[in-house]
Amino acid sequence: MATKALGFSVTLNDFSNRFGSNSRPISPKVRVFTLTCSAGKGERPWKTSDARLVLADGSIWNAKSFGASGTQVGEVVFNTSLTGYQEILTDPSYAGQFVLMTNPHIGNTGVNFDDEESTQCFLAGLVIRSLSISTSNWRCAETLGDYLAERNIMGIYDVDTRAITRRLRQDGSLVGVLSTDNSKSDGELLQMSRSWDIVGIDLISGVSCKSPHEWVDKTKQDWEFNSKGPGEIFHIVAYDFGIKHNILRRLASYGCKITVVPSTWPASETLKLNPDGVLFSNGPGDPSAVPYAVETVKNILGKVPVFGICMGHQLLGQALGGKTFKMKFGHHGGNHPVRNLRTGHVEISAQNHNYAVDPATLPEGVEVTHINLNDGSCAGLAFPAQRIMSLQYHPEASPGPHDSDYAFREFVELMKRENVHSA
């Protein structure tokens, strides 16, 4: 008996209960299916490798593509989050980077339009082990592959992400080139990877808003966990170095009126708005590549309470006279333990940065308030004399699930004390 479907020829053969004189009896009869592909010459009914990731160390990784096609260069970093790939895709701090997910199975919940952290995808590409062939989530609006294709973002799968991660941990973050272009040789792609460097590039200007605007959206009631609700209203100017929407939502939920301004907005114009506080947001790349932002921070310090998050934390460190350095492979994931040195409490935090502040270079009076328990690096600063607080992780994220949300309350309290002192 033979049947044909989807380019295959399937034949069912009946064998007797012995396979030759030396075989053990098999009962009952064995049925063996013989599968023959009847597709055209050179064709296969499954996707074959059609993409390459070429790293600057000379290694070449064949993979299958999804999303957009083309050739793209970027820095390869690994993220250890088990969930939240959509928040990662829309985090502006990943501009210029290929994000490799260490969790092997990605795409099973699809994509929805409530979890986006910005208005577009800024990362250079996505690298995963296994792409889910189906989606299962009540909020799913489309598949991950379709979502990336619509936004011209490249993705690859069926690549050994564990081996690449070990290489990055051993050698540090590497520049790579992702390509689906067969006309380019491995040598050409390798040369591209070795002729580009993310260090020293101003990535903030490409992700920041272009003009000031007001933000009013709060955390949706279904997800709100701050039972106290907003109290006194404070006006905050938020510098957009690549700000995530959920940072703004959390501030609004704490009763703040928010004016978002571009990364190049002059400090003098900010102070004319007479804000109760200033937020310096997260953002991509090297803080040393944006001296204009450091100068802006310097001109605001001491005049109003300030709160720095991630890139904002690093800019504050430089503005105070400290130095920043590039980490070996950075912190990227939703499972980083951080100790609050003031309380002794440990928080499970979401982090995304390749640079850190060197606390030994900071002036007297600056306090290290938090440390990353994985490597002891500085994860938070405070300078009470100038009403400064900062964190090197994302307090608006909820991997703990809400371990770090208190930081927004502390910023509100800082502004409240300032208003009482000024009255």
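We did not get these values from a lab; they are worked out from the coordinates using the rules stated. These figures come from a predicted structure and were not determined experimentally. Cβ coordinates were reconstructed from backbone atoms using ideal geometry, including for glycine residues, and neighbour counts include every protein chain displayed.
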Along the positive direction of the dipole of the chain (beta-carbon charges: Lys, Arg +1; Asp, Glu -1; about the Cα centre), which of Leu100, Ala252, Ala293 reaches farthest? Leu100
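Expressed in nm to one decimal, what extension gain is obtained for the pair Glu232 and His213 from 0.36 nm per residue of sequence separation less their Cα-Cα distance?
Values: separation 19, 0.36 × 19 = 6.84 nm, distance 2.17 nm.
Fully extending the segment from Glu232 to His213 adds 4.7 nm.
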Gap separating the Cα centres of segment 301-375 and segment 59-107, nearest whole Å: 25
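Return the loop-located GluC sites (Glu not before Pro) in segment 308-416 (DSSP other than H, G, I, E, B) with at most 10 other Cβ atoms within 10 Å of their own Cβ; answer none if there are none.
Values: sites: Glu347, Glu364, Glu367, Glu396, Glu410, Glu413; in loops: Glu364, Glu396.
Counting only loop positions with at most 10 other Cβ atoms within 10 Å, the GluC sites (Glu not before Pro) in segment 308-416 are Glu364.
Using r as the Cβ-Cβ distance of Cys140 and Asn299, and R0 as 56 Å, what FRET efficiency do you calculate, to the nearest 0.05?
Values: r = 46 Å, r/R0 = 0.83.
Taking R0 as 56 Å, the efficiency between Cys140 and Asn299 is 0.75.
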Please list, or write none, the aspartates and glutamates whose alpha carbon is within less than 15 Å of the alpha carbon of Lys416, excluding same-chain residues fewer than 8 places away. Glu232, Asp276
How would you rank 291-298, 196-203, highest first, on the average number of other Cβ atoms within 10 Å across their residues? 291-298, 196-203
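R0 = 60 Å: FRET efficiency of Ala163 with Asp114, Cβ-based, nearest 0.05? Provide the component values of the computation, followed by the final result.
On the way: r = 35 Å, r/R0 = 0.58.
Plugging the Cβ-Cβ distance into 1/(1 + (r/R0)^6) gives 0.95.
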Past 24 Å, Cα to Cα: identify those pairs from Lys210/Lys272; Lys184/Lys328; Lys257/Lys303; Lys210/Lys326; Lys184/Lys326, in the order given. Lys184/Lys328; Lys210/Lys326; Lys184/Lys326
What residues have an amide H closer than 5 Å to that of Ala68, excluding those fewer than 5 places away on the same chain, when H is modeled at 1.01 Å from N in the peptide plane? Ala149, Ile153, Met154, Gly155
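Let me check against my output: what whole-number percent is the relative contact order of the chain, with C-alpha pairs under 8 Å and at least 6 apart? Let's see the in-between values first.
Working: 971 pairs, mean separation 52.5, N = 423.
Relative contact order, the chain: 12 percent.
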Dipole magnitude of segment 156-313, debye to nearest 20 (Cβ charges: Lys/Arg +1, Asp/Glu -1, about Cα centre): 460
Quick one: length gained pulling Glu418 to Arg151 fully straight, 0.36 nm per residue minus the C-alpha distance? 91.7 nm
Can you pull out the chymotrypsin sites (Phe, Trp or Tyr not before Pro) in segment 354-423 that DSSP calls coil and that have at most 16 other Cβ atoms within 10 Å? none
